[in-house]
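Peer 1: The structure that follows is given in the form of structure tokens.
The values are calculated or read from the model by the stated rules, or taken from the named source; none is laboratory data. For clarity, every value in this text was computed on a predicted model and none was experimentally measured. Note: ideal-geometry Cβ built from the backbone for every residue, glycine included; neighbour counts use all protein chains shown. Note: accessible area is taken over every heavy atom of the protein model, side chains too, but ligands, DNA and RNA are not part of it. Shrake-Rupley method; radii C 1.70, N 1.55, O 1.52, S 1.80 Å.
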Amino acid sequence: MLEIQNISKQFNSGKSNVTALNSINLKVETSEFLLIKGESGSGKSTLLFILGGMLQPSSGTIVVNDKDLCKLSEKERGSYRANEIGFVFQSYHLLPYLNVFENIMLPNTLTGAQINEADVFRIVEELGIKDRLYHKPSQLSAGEKQRVALARALIINPSLILADEPTGNLDEKNTIDVMNYLKAYQEKGGTVIMVTHGHLADTYATRTIRLDKGQLIT
Ligand code: ADP
Ligand code: MG
């Protein structure tokens with residue numbers, strides 16, 4: 001479903017020049033559950049942002065669902081992000097002034113993605129947050145907040161979920177719940193690429209790769 005060839009990324013800020021990714025090659029098949037591990041600063045988030053069309057590589061090619069991301073126009077890239085990618089972050093990225101229902105509807109509000117209200121009700125039921133629908137994020141526990149973020153990622157029926165340390169702020173029970181939801185999505189044919197430090201995710205993955213100072217090590 002995706003292939004990246006020779007991706008490098010340099011960040012130039014004034015005098016300093018950081019190589020975040022150095023000649024990465026990676027192929028991911030549909031319905032894989034790929035874990036990315038590596039020390040802080042090794043380039044994991046940079047790789048996810050590039051895969052999500054949120055950051056342009058300095059060089060190399062990246063093809064997702066037969067689309068060459070570097071050749072898309074801004075508009076096409078926006079549509080790719082909105083319709084094909086679900087993103088889940090460690091810190092949830094919920095909007096504090098919107099309630100759970102409105103946060104899950106956000107892709108519709110922001111990008112016009114077609115979201116059925118019935119699907120929102122189904123998904124909050126599946127994720128066990130049905131009785132939190134009209135609460136604000138500040139009224140939710142960490143585990144509930146991450147379920148809302150997951151619901152918002154899943155609601156567009158993405159072909160790829162990119163998850164950046166999604167269990168980093170969760171206790172063991174909530175970590176296992178989140179892993180089970182991601183696994184269920186993958187078993188229905190979705191593809192998951194997840195950055196993690198913990199070991200709890202290991203048994204859910206179909207493959208694990210490791211980044212070290214911007215390079216893939218096997
Ligand atoms: P990880 O997610 O593995 O902790 P990152 O991908 O966030 O690593 O960062 C990789 C390297 O790139 C780090 O050295 C980081 O400081 C640098 N970096 C990341 N984003 C930027 C940016 N926007 N500007 C400058 N340097 C950055
Ligand atoms: Mg990171």
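Peer 1: Longest span of the chain, sites excluded, free of trypsin sites (Lys or Arg not before Pro) in DSSP loop with at most 15 other C-beta atoms within 10 Å?
Peer 2: 16-187
Peer 1: Turning to a different aspect of this structure: For the range 1-159, with every protein chain kept in place, what is the accessible area per residue (1.4 Å probe, Å²)?
Peer 2: Details: 7770 Å² over 159 residues.
With the other protein chains kept in place, the range 1-159 gives 49 Å² per residue.
Peer 1: Also, quick follow-up: What's the longest uninterrupted piece of the chain once you rule out the chymotrypsin sites (Phe, Trp or Tyr not before Pro) that are loop residues per DSSP with at most 15 other Cβ within 10 Å?
Peer 2: It works out to 1-96.
Peer 1: If I compute solvent accessible area with a 1.4 Å probe over the protein chains, what percent of it on the chain is carbon and sulfur?
Peer 2: 48
Peer 1: On to the next question. Using 0.36 nm per residue, how much length does the chain from N12 to E76 gain when fully extended, once their Cα-Cα distance is taken away? Mind showing how you got there, number by number?
Peer 2: On the way: separation 64, 0.36 × 64 = 23.04 nm, distance 2.62 nm.
This chain segment gains 20.4 nm when fully extended.
Peer 1: While we're here: So what's the range 43-151 giving for Cα Rg divided by 2.2 N^0.38 Å, two decimals? If you can, show how the numbers build up before the last one.
Peer 2: Values: Rg = 15.7 Å, N = 109, 2.2 N^0.38 = 13.1 Å.
Taking the Cα Rg and dividing by 2.2 N^0.38 Å, one obtains 1.20.
Peer 1: Kirkwood Rh, the chain, all Cα pairs: how many Å?
Peer 2: Its Kirkwood hydrodynamic radius stands at 17.8 Å.
Peer 1: What is the spin-label model distance, in nm, from I176 to T203 if the labels are put 7 Å beyond Cα along the C-beta direction?
Peer 2: Distance between the two pseudo-spin positions: 0.8 nm.
Peer 1: For the range 34-99, what is the convex hull (Cα atoms) projected area averaged across all directions, in square nanometres?
Peer 2: Values: hull surface 25.0 nm².
Seen from a random direction, the Cα hull of the range 34-99 projects 6.2 nm² on average.
Peer 1: To continue, here is another question. Taking only Cα atoms of the range 167-206, what ratio of Rg to Rh do you get with Rh as the Kirkwood inverse-distance radius?
Peer 2: 0.94
Peer 1: Mind jotting down the distance between the C-alpha centroids of the range 1-74 and the range 104-153, whole Å?
Peer 2: For the range 104-153 versus the range 1-74, the Cα centre distance is 28 Å.
Peer 1: Among all stretches of the chain without exposed GluC sites (Glu not before Pro) (DSSP loop, at most 15 other Cβ atoms within 10 Å), which one is longest?
Peer 2: Values: sites that count: E29, E39.
Here the longest segment lacking exposed loop sites spans 40-218.
Peer 1: So, one more: Can you compute the FRET efficiency between T30 and N157 using 1/(1 + (r/R0)^6), with r the Cβ-Cβ distance and R0 = 25 Å? Round to the nearest 0.05.
Peer 2: Given R0 = 25 Å and the Cβ-Cβ separation, E is 0.95.
Peer 1: Treat every Asp and Glu Cβ in the chain as -1 and every Lys and Arg Cβ as +1, leave all other atoms uncharged, and give the resulting dipole magnitude about the Cα centre to the nearest 20 debye.
Peer 2: Numbers: 23 positive and 24 negative charges, 103 e Å.
The calculated dipole for the chain is roughly 500 debye.
Peer 1: Please provide three numbers in whole Å: the alpha-carbon extents of the range 126-215 along the principal axes, with the largest listed first.
Peer 2: 44, 26, 22
Peer 1: Now for a different question. May I have the pair-distance distribution P(r) for the range 92-172, computed from all Cα-Cα distances with 10 Å bins from 0 and rounded to whole percent?
Peer 2: It works out to 19, 55, 25, 1, in whole percents.
Peer 1: Could you sort out which of K130/K173; K173/K213; K9/K188; K15/K71; K37/K213; K37/K67 sit more than 23 Å apart by Cα distance in this structure?
Peer 2: K173/K213; K9/K188; K15/K71; K37/K67
Peer 1: Would you calculate, for the chain, the mean residue ellipticity at 222 nm contributed by helices, counting each DSSP H stretch of 4 or more residues as -39,500 (n - 2.57) and dividing by all residues, to the nearest 500?
Peer 2: So the calculated ellipticity at 222 nm is -9000 deg cm²/dmol.
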